[in-house]
Amino acid sequence: MSAVLSRASGAASAPVETRRERRRRERLEEQDAVIPAELYGLRRGTVSLLTVLAFLFAIFTLIPIAWILINSTKNQANIFESFGFWFSGPFQFFHNFSLLFQNVDGYGTYIQWFGNTALYAVIGGLGATALSAFAGYGFARFRFRGSKLLFALAIAALLVPITALTLPLYLTYAKAHLINSIWGMVLPSMVSPIGVYLMRVYVDISVPRELIDAARVDGGGEARIFFRVALPLMVPGLLTVMLISIVAVWNNYFLPLLIFNINTRYPLTVGLGLWSDRAVNSGDANLYPMLVIGGLVTIIPLIALFLILQRYWRGGLLLGSIAN
Amino acid sequence: MSAAVSAVPAASTRRRGRSAWIHRRDRRGIWFVIPFFVGFGLFMVVPLVYAIYTSLYTTRIIGGTVFTGASNYTQTLQSGQFWSGVIRVVIFGAIQIPVMLAVAFFFACVFDLGVAKFGRTFRTIFFIPFAVPAVVGAVMWSFLLEPQFGPFVHVAGALGFRGVNYFSPSLLLPSIIVIVIWEWTGYNMTILYTALKSVPRDVVEAAILDDTPLWKIILRIKLPMVRPAVVMLIFLNTIGALQLFTEPQILEYFQQGAVSVNYTPAYYAWNTAIAADETNLAAAMAVILAVIIVVVSSVSLIFRRRRGEFS
């Protein structure tokens with residue numbers, strides 16, 4: 001047992017490569033894989049033309065982001081009256097930002113919604129990762145009675161759309177008096193058929209059957225083998241599933257919109273939805289700047305998370321795309 | 001390690017004994033999948049069964065809740081409002097999906113071939129909207145398109161189109177199409193790009209040596225090889241289009257009355273459940289919507305199974 005364990009942990013800590021080295025290597029590998037553009041016999045100027053087209057689409061992509069950055073510095077009047085793509089009037093960024101910590105006119109406090117979102121996303125995401133890891137490993141490395149049927153069931157669940165499940169979930173909560181319960185939000189987020197599928201695929205390619213058998217011969221219990229032998233080898237897959245599940249909860253709108261009706265429970269998405277309704281339809285002077293800066297503060301953590309963990313996103317998308 | 005290595009051959013000499021032992025260990029796997037299936041049962045199976053059960057009843061002001069069988073289903077299926085929402089999302093998908101996939105495939109090819117500068121940077125930028133929650137995306141675009149003050153109205157005015165109202169009945173659907181294209185093109189491009197990367201290099205090199213023009217390399221060699229990814233994206237986006245909800249719901253806040261209660265099937269079901277408080281009818285709508293989408297995705301699964309991609 002100990003021999004197997006030391007090998008597994010050795011494999012997990014083996015790659016000693018700093019982030020900069022890895023980036024450099026990846027860039028070089030990528031350059032290496034691309035056939036030099038000159039070989040295609042393109043007309044002169046094609047590369048410039050295509051670069052310009054990509055640049056135009058990049059502008060289209062960044063327009064709303066630029067707008068929200070610029071307008072987070074404005075007051076209500078200037079958001080509407082000044083030119084949308086340039087700064088204007090008093091620099092209000094910090095004032096607007098401070099509004100996120102107040103419960104303006106009783107519609108709810110942004111910072112509380114932020115905390116709720118983080119709570120739901122972290123508990124839901126970690127739970128989804130754990131359940132998916134257990135189930136994925138169970139399906140990949142055991143053959144028990146009904147395992148094929150159960151796996152087919154999990155795959156079938158992939159076909160049922162979220163929207164179609166959310167309304168029934170709401171109806172059930174209304175009957176079971178679970179409206180406004182945090183668990184009503186967190187527990188369903190832990191059930192991730194896609195996570196189970198991804199972990200199964202990942203265990204199949206990264207945890208050798210022989211290693212598990214060897215650990216069994218050495219006398220390890222199944223739980224101990226899972227945590228000490230298999231889990232260290234599953235880390236990249238776990239991170240991918242965790243990222244996907246956290247983002248899914250972070251962005252979830254329909255479920256919390258239905259099941260929460262007091263604003264202290266709202267996540268960011270529902271809170272911002274409420275603010276856009278109130279801003280337009282109540283004429284409250286503070287709400288537009290709050291909506292703008294609230295939107296900005298909502299997307300920054302996700303864009304940062306994405307830029308830092310790009311590698312895992314890509315891997316997850318690729319795997320996810322096979323499954324969906 | 002040596003202990004493990006020596007143990008395995010020793011075990012395989014007593015083959016029958018070993019396999020029985022492994023078989024016994026195999027049964028313990030059920031404990032690993034039980035936690036997931038407890039959640040699966042409670043939060044997927046129970047609600048669906050309950051929704052089907054609820055949909056068979058009707059609550060009346062006088063007489064309370066009574067069993068009415070399929071009447072909620074016939075009412076929904078015979079309602080012009082429900083079908084006009086379905087038709088709208090079908091039109092939405094029929095325009096949005098081909099346009100988005102064409103743009104995504106074009107840029108995926110450009111970056112895959114390395115025929116534009118700064119490809120890495122562009123790929124990162126294009127992907128950013130995927131990290132933006134649909135609610136925030138819809139809020140940002142609502143501000144930009146807002147008929148009275150929105151900067152895009154000024155832009156249209158400067159180009160000679162005065163008094164454009166992006167939330168008017170004729171422009172609302174195109175506006176939503178633009179928003180959704182903004183949200184999802186980068187994601188689709190990333191998947192196509194990854195698929196294109198797996199096309200073997202020597203195939204392309206051979207084509208170049210044969211003096212095959214670039215457009216032929218793309219359409220005759222690369223596109224057929226990434227067809228599974230394209231098919232998968234078509235189905236994925238179709239299912240997404242059928243569930244369209246967030247964008248119209250937020251736009252309605254910005255321009256009251258612009259979005260009808262039955263604008264999309266999901267939006268109609270939500271309005272029926274919350275605003276109209278007809279939960280039994282809404283349950284029937286949710287079930288019908290689920291059936292439509294399950295049929296569409298089953299077709300995709302059968303389609304791809306036949307090609308041996310999904311086992």
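The values are calculated or read from the model by the stated rules, or taken from the named source; none is laboratory data. Predicted model, so just to flag it, every value in this text is computed and none were measured. In this analysis, Cβ positions are derived from the backbone assuming ideal geometry, glycine residues included, and neighbour counts consider all displayed protein chains.
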Next item on the list: Take B:Thr238 and decide whether it is within 23 Å of B:Phe130 (Cβ to Cβ), touching a Gly at 6+ places or on another chain (Cβ under 7 Å) and surrounded by fewer than 23 Cβ atoms within 10 Å (Cβ to Cβ).
Entry: yes
Next item on the list: Considering (1) surrounded by fewer than 18 Cβ atoms within 10 Å (Cβ to Cβ); (2) modelled with pLDDT of 95 or more, say which one A:Glu81 fails and leave the rest.
Entry: (2)
Next item on the list: Output the residues belonging to segment B:137-149 that are under 16 Å from B:Glu247 (Cβ atoms) and either among the polar types (S, T, N, Q) or at pLDDT below 85 (or both).
Entry: B:Ser142
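Rundown of residues vs (1) modelled with pLDDT of 85 or more; (2) crowded, with 20+ Cβ neighbours inside 10 Å, yes/no style:
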{"position": "B:Leu233", "(1), (2)": "yes, yes"}
{"position": "B:Pro248", "(1), (2)": "yes, yes"}
{"position": "B:Tyr253", "(1), (2)": "yes, yes"}
{"position": "B:Ser260", "(1), (2)": "yes, no"}
{"position": "B:Ala276", "(1), (2)": "yes, no"}
{"position": "B:Ile293", "(1), (2)": "yes, yes"}
{"position": "B:Val299", "(1), (2)": "no, no"}
Item checked: Which numbered condition B:Phe36 misses (of (1) touching a residue at least 12 places away in the same chain (Cβ under 8 Å); (2) aromatic (Phe, Trp, Tyr); (3) crowded, with 20+ Cβ neighbours inside 10 Å) -> (1)
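Conditions tested, residue by residue: (1) within 24 Å of the chain's Cα centre (by Cα); (2) among the hydroxyl-bearing types (Ser, Thr, Tyr).
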| position | (1), (2) |
| --- | --- |
| B:Phe67 | no, no |
| B:Ser71 | no, yes |
| B:Gln75 | no, no |
| B:Gln81 | yes, no |
| B:Gln96 | yes, no |
| B:Val103 | yes, no |
Notebook entry, point to check: (1) touching a helix residue (DSSP H, G or I) at 6+ places or on another chain (Cβ under 9 Å); (2) surrounded by fewer than 21 Cβ atoms within 10 Å (Cβ to Cβ): which one isn't true of B:Leu159, the others all being true?
Noted result: (1)
Next item on the list: Out of B:Ile61, B:Ile91, B:Ile128, B:Ile95, report the one residue that is in contact with a Gly (Cβ under 8 Å, 6 or more places away or on another chain) and either surrounded by fewer than 19 Cβ atoms within 10 Å (Cβ to Cβ) or modelled with pLDDT of 85 or more (or both).
Entry: B:Ile128
Item checked: Elements of type helices (runs of 4 or more DSSP H) contained in segment A:21-126, each with 3 or more residues being on the phi < 0 side of the Ramachandran plot and within 10 Å of chain B (Cβ to nearest Cβ) -> A:46-71, A:76-81
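Residue-wise test of (1) more than 12 Å from chain B (Cβ to nearest Cβ); (2) within 20 Å of B:Phe254 (Cα to Cα); (3) at pLDDT below 85.
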site: A:Ala215; (1), (2), (3): no, no, no
site: A:Arg228; (1), (2), (3): yes, no, no
site: A:Gly237; (1), (2), (3): yes, no, no
site: A:Phe254; (1), (2), (3): no, yes, no
site: A:Leu257; (1), (2), (3): no, yes, no
site: A:Arg278; (1), (2), (3): no, yes, no
site: A:Gly283; (1), (2), (3): yes, yes, yes
Notebook entry, point to check: How many residues does segment B:1-42 hold that are aliphatic (A, V, I, L, M) and modelled with pLDDT under 85?
Noted result: 10
Note to self: Just to verify a result, which residue in segment A:143-186, among those that are in contact with a Gly (Cβ under 6 Å, 6 or more places away or on another chain) and under 22 Å from B:Glu278 (Cβ atoms), is farthest from the other protein chains (Cβ to nearest Cβ)?
What the structure shows: A:Leu178
Checklist line | Failed criterion for B:Asp202 (all others in (1) among the charged types (D, E, K, R); (2) crowded, with 23+ Cβ neighbours inside 10 Å; (3) free of Cβ contacts under 8 Å to residues at least 60 places away in the same chain hold) | finding: (2)
Note to self: Suppose the filter is of a type outside the set (Lys, Arg) and at pLDDT 90 or above; does B:Phe161 pass it?
What the structure shows: no
Notebook entry, point to check: With respect to A:Val270, is the statement that it is crowded, with 22+ Cβ neighbours inside 10 Å, closer than 30 Å to A:Phe142 by Cα and either in contact with a Cys (Cβ under 8 Å, 6 or more places away or on another chain) or within 13 Å of another protein chain (Cβ to nearest Cβ) (or both) true?
Noted result: no
Check: Out of B:Asn237, B:Asn262, B:Asn271, B:Asn280, which single residue is away from chain A (no Cβ under 11 Å) and assigned to a helix (DSSP H, G or I)?
Finding: B:Asn271
Next item on the list: Residues being more than 8 Å from every other protein chain (Cβ to nearest Cβ) and part of a loop (DSSP other than H, G, I, E, B): count how many of those fall in segment B:149-168.
Entry: 10
Note to self: Of all residues being under 21 Å from the mean Cα position of the chain (by Cα) and polar (S, T, N, Q) in segment A:187-241, which is surrounded by the most Cβ atoms within 10 Å (Cβ to Cβ)? Just the residue, please.
What the structure shows: A:Ser192
Next item on the list: Enumerate the pairs (first residue in segment B:141-155 and acidic (Asp, Glu); second residue anywhere and part of a helix (DSSP H, G or I)) with beta-carbon separation below 7 Å, excluding pairs fewer than 6 apart on the same chain, so at least 6 apart or on different chains.
Entry: B:Glu146/B:Phe254
Note to self: I'm checking my understanding of the structure. Among residues of segment B:209-222 that are in a helix (DSSP H, G or I) and surrounded by 15 or more Cβ atoms within 10 Å (Cβ to Cβ), which one is modelled with the lowest pLDDT?
What the structure shows: B:Leu214
Next item on the list: Please work out which residue is farthest from A:Leu305 (Cα to Cα), limiting yourself to segment A:94-142 and to residues that are under 17 Å from the mean Cα position of the chain (by Cα) and hydroxyl-bearing (Ser, Thr, Tyr).
Entry: A:Ser132
Margin query: Take A:Ser132 and tell me if it is hydroxyl-bearing (Ser, Thr, Tyr) and in contact with a Ser or Thr (Cβ under 6 Å, 6 or more places away or on another chain).
Written below: yes
Next item on the list: Might you check whether a residue that is more than 30 Å from A:Ala279 (Cα to Cα) and under 26 Å from the mean Cα position of the chain (by Cα) occurs anywhere in segment B:199-217?
Entry: yes
